[in-house]
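Read through the structure below, which is laid out as structure tokens, and then see the notes.
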Amino acid sequence: MALESSALISELHDTRTVDLANHRRKYLVFKLGNERFGIELSSVKEVIGLTAITEIPQVPSFFQGLINLRGKIISVIDLRKKMGLPSAEYQPKKTSIIISEIQKVVLGVVVDDVEEVASYEKEQQIEESIEVQGKMSKEYLQGVAKTEGNKLVLLMNINKILSTSDLAIIQKSAA
Amino acid sequence: MFAKMTIGKRISIGFALVLFLAVSLGSMAIFEMRKISTLSEQLSNDYAPEVDIVGSIERNARRVMYDMRGYSFTEEDNFLKQAKSWRETLQKSLDSADQLAAKSKVLVKLAPRMKILKDEVAKYDSLMDATKVHIDILAGQRDSMAKMSDIYIVASTSYLTQQNSAMESEFKDSSLSLSQRKERLAKITLMNDAINIMNGIRVKNYKFQTLRDPQSYELAIKDFDKMVVIEEKLQAVTRNESDKQLLKQIIDAQNGYRNEMVSFLAEWKLLQQVGVDRTKVGVDLVKQAEELAEAGVAGTTAIANEAISTVNISNTVMLWGLVIVVLLGIALSYTLVKAITTSIMKISNGLRDSSNQVSSASKQLSEASQELSSSSNEQAASIEETSSSLEEITGMVNNNVDNAKKCVEISQSVSESSKKGNSSMKELVESMRDILESNEKIQQLVKVIGEIGEKTAIIDEIVFQTKLLSFNASVEAERAGEHGRGFAVVAQEVGNLAQMSGKAATEISAIVKESIKNAEGITTDNKKKVENGNAVVKSAAEILREISERSASLLDNINSILSASQDQATGIGQINSAITQLDKATQENAATAEETASSSEELSAQAEILNNMVGELTKIVTGSVEVKTQMPTMTNYHNSTQGKKSNVVPLSRERKVLPANVHMSSSSGGEQNEWEAV
């Protein structure tokens, strides 16, 4: 198993060194409920486990609270709530917080489980022109990646998850 | 002449005359008997054995001849063996005939006749040996003929085979001339002819040996001349050296066969001659033996006739003598009786009167003793019945005692078994306790497994942290851009490892959960089973306790039965002693009755003797039976008392056996102690 994976990795490495014209993109793949989502690895600053979240009154419900990350105070949102999915209880050793910078605001996003770092081929695996109707706005849905076994990963644009007003509230709280 | 003599003198003279006549008759008879006895001794010692031995000589001689004939026809050794064994039997008969001739004084002609017979036997013996010699020679010749013919057949067949193969190879060779080919064919044909003739000769030879017809055999010998002609032709055309040698072999074998055949015929004729001679001697021998046997039978008949005539003479003499003696006796006795009777008659009449009186008195006495005897007999019978029923009761009481003893043994064994049951119950309880202890150990094991589960949780935590670390490494690598690509790979690898560890940890925790569940299931199961076992053990122990209690009460009951049976035995003993006393009294009564009976019997016997004397006297005098009519009641009574008296005797024997039985069961104090100890 280890040998196989290392062989795969070296192969990946080779394609990357040869083909640098940005044909492949890296995503951090996580889970919300049964669905898998991906955000671009470049937009991620760090991934941490669940820590104590200090709640703040009189804020929108998706705004979970504040955490102390090595001395820095960071706002945390619940992605489930934000995306209108039914909320679930947090599970230690599964529930994780993805730290990323959205419009120069450092923000923690609570997801059910972080699965892997995956790279998808831009032209063959990623479908960008999709029509979505429903609660998820097309705004923050970048596209869909087709992975092995005909499974789909919804690719998300983390920068567009929050509206400007949302951001303002967060900035205010963190300040 | 007789009238003046006394009775004694008259009787003496008459008897002396009759005695003289009887003695002279008897001595004549003895003389004749002695003569017959000598004759019959000769018959049994000399003539009868002679006939017997000579007959066996004849029989055995015939058997020897029969088997010798069989031997000369079949040439089988079995017949010779049989003949020799018969010859030995014949020798035995001859020897015993010699012995008889030496021993007997009467058989004068036997010895010279035996000498002639033995000469014949010796001749026959030499002919028997000659037959054996000839038959052996014939067998040897037959063997050598068979060998010769084998050699002939082998050689001629190989000669033929060679010729055939030569012909086959010559077929291919076209350079050969027609005459050469014809010559080859002629050789084969000639050889085939020779073999056919040879086979014909052999067939005739076998035919001769089975049918014994010398004519065709002589013809067969002549057939050899034809073969010689053929072989001369063959010798002329045979050129090959090996063929020549074969041909020589063939001719030698054939000549040998011919010579053997000729000498075989000569030998066979000799054997036939010996057979004829042997038969002639044998027939003579049997004839001699027959003559001897006839002579013996004639001698025996003569002796027997002599004996018969002697018997006849003595018979006639005895008959006439007897008639004379009887007539003389009758005349004598008539005159004597007439003289004696008249004087005795007077005395006998006086005696008869007094004897009648004694007889009637003894009759009364015997009637009284008869009554006494019959009543004592009845008493004895009832005592017998009582003692026999007493015996039965004793048997029953003894049975009771035996059964009670057996019950004691059984109840003891029951209480022992219940004790054993108790001890096994204890062992069972202990082993269940052991099961509970091992249950506790299983629970400790469950604890250990639980700790393993906790440790697995820590591994999970580490895995999660590692995963996060790998993601962060990827993020950092991405940020580093081109420089971070190698690092990204490492981060990916670390992530994969973390995932694998995570899977392993989940599997471990699943196994741990499963093990804990199983172990708990086992312990609760064990507990339940042990609890059930405890309940069963309790009820079993209860049952065992009940069994031992009941067997104890059973023992008490049996002991009371035992003591009751002992009391019964004592009671029977007392009854028995009473009966013994009664028996004694009855015996005394019977003895008294017996004595009275015997006295009256004696008296009656005396009367009877007297009466008989009178009767006899009267009878001697008058010849009438008149007096006897007065006495029949006496004799009847005498018989009946004897019959009844015998009834009393077996009764007393019965009584002697009985008390021993009762005594044994009633006075068994030692046994009583034993029961109480139980």
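The values are calculated or read from the model by the stated rules, or taken from the named source; none is laboratory data. As the structure is a prediction and not an experimental result, all values here were calculated from the model. We place every Cβ from the backbone using ideal geometry, glycine too, and count neighbours over all the protein chains shown.
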Quiz prompt | Subset of the range A:37-59 (residues that are farther than 14 Å from B:A473 by Cα and more than 10 Å from the chain's Cα centre (by Cα)) | solution = A:G49, A:L50, A:T51, A:A52, A:I53, A:T54, A:E55, A:I56, A:P57, A:Q58, A:V59
Practice problem: Please state which of the following conditions A:V110 fails to meet, knowing it meets all the rest: (1) surrounded by fewer than 18 Cβ atoms within 10 Å (Cβ to Cβ); (2) away from every other protein chain (no Cβ under 13 Å); (3) closer than 26 Å to B:T506 by Cβ. | Solution: (1)
Exercise. Evaluate the range B:397-404: report whether one residue or more is within 14 Å of chain A (Cβ to nearest Cβ), free of Cβ contacts under 8 Å to residues at least 24 places away in the same chain, surrounded by 12 or more Cβ atoms within 10 Å (Cβ to Cβ) and not β-branched (V, I, T).
Key: no
Self-check item: Count - residues of the range B:248-299 that are closer than 30 Å to B:L43 by Cα and among the polar types (S, T, N, Q)
Solution: 1
Exercise. Provide a single number: the residues in the range A:65-105 that are at pLDDT 90 or above, in contact with a Lys or Arg (Cβ under 9 Å, 6 or more places away or on another chain) and not small (G, A, S).
Key: 2
Exercise. From (1) over 30 Å from B:E546 (Cβ atoms); (2) without any contact (Cβ under 8 Å) to a residue 12 or more places away in the chain; (3) more than 9 Å from chain A (Cβ to nearest Cβ), pick out the condition that doesn't hold for B:S424.
Key: (1)
Quiz item: What is the number of the single condition among (1) in contact with a Ser or Thr (Cβ under 7 Å, 6 or more places away or on another chain); (2) in a strand (DSSP E or B) that A:K81 does not meet?
Solution: (2)
Practice problem: Search the range A:115-130 for residues that are more than 14 Å from chain B (Cβ to nearest Cβ) and free of Cβ contacts under 8 Å to residues at least 60 places away in the same chain and pair each with any residue that is charged (D, E, K, R) and surrounded by 12 or more Cβ atoms within 10 Å (Cβ to Cβ) when their beta-carbon atoms are under 6 Å apart and the residues are at least 6 apart or on different chains. | Solution: A:Q125/A:K146
Exercise. Could you please give the count of residues in the range A:39-62 that are over 21 Å from A:L155 (Cα atoms) and more than 10 Å from chain B (Cβ to nearest Cβ)?
Key: 11
Quiz prompt | From B:S348, B:S314, residue being modelled with pLDDT under 75 and surrounded by 14 or more Cβ atoms within 10 Å (Cβ to Cβ) | solution = B:S348
Self-check item: Residue satisfying all of: in the range B:457-515; closer than 18 Å to A:V29 by Cβ and surrounded by fewer than 15 Cβ atoms within 10 Å (Cβ to Cβ); nearest to the other protein chains (Cβ to nearest Cβ) among these
Solution: B:M500
Practice problem: Looking only at the range B:292-309, decide whether some residue is touching a residue at least 40 places away in the same chain (Cβ under 8 Å) and under 30 Å from B:A130 (Cβ atoms). | Solution: yes
Practice problem: Could you list all residues from the range B:578-618 that are closer than 16 Å to B:S382 by Cα and surrounded by 14 or more Cβ atoms within 10 Å (Cβ to Cβ)? | Solution: B:I579, B:T580, B:L582, B:D583, B:T586, B:Q587, B:N589, B:A590
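Residues in the range A:106-124 that are out of contact with any Gly (no Cβ under 9 Å at 6 or more places or on another chain) and either among the aromatic types (F, W, Y) or at pLDDT 85 or above (or both): how many?
Going through the range A:106-124 one residue at a time, the tally reaches 11.
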Quiz item: Of everything in the range A:22-58 that's part of a loop (DSSP other than H, G, I, E, B) and not aliphatic (A, V, I, L, M), which residue is farthest from B:L469 (Cα to Cα)?
Solution: A:Q58
Quiz prompt | Residue among B:L176, B:L190 that is more than 60 Å from the chain's Cα centre (by Cα), in a helix (DSSP H, G or I) and either farther than 30 Å from B:T74 by Cβ or in contact (Cβ under 8 Å) with a residue 12 or more places away in the chain (or both) | solution = B:L190
Self-check item: Options B:E546, B:E601, B:E595, B:E616: the member that is of a type in the set (D, E) and touching a residue at least 24 places away in the same chain (Cβ under 8 Å)
Solution: B:E601
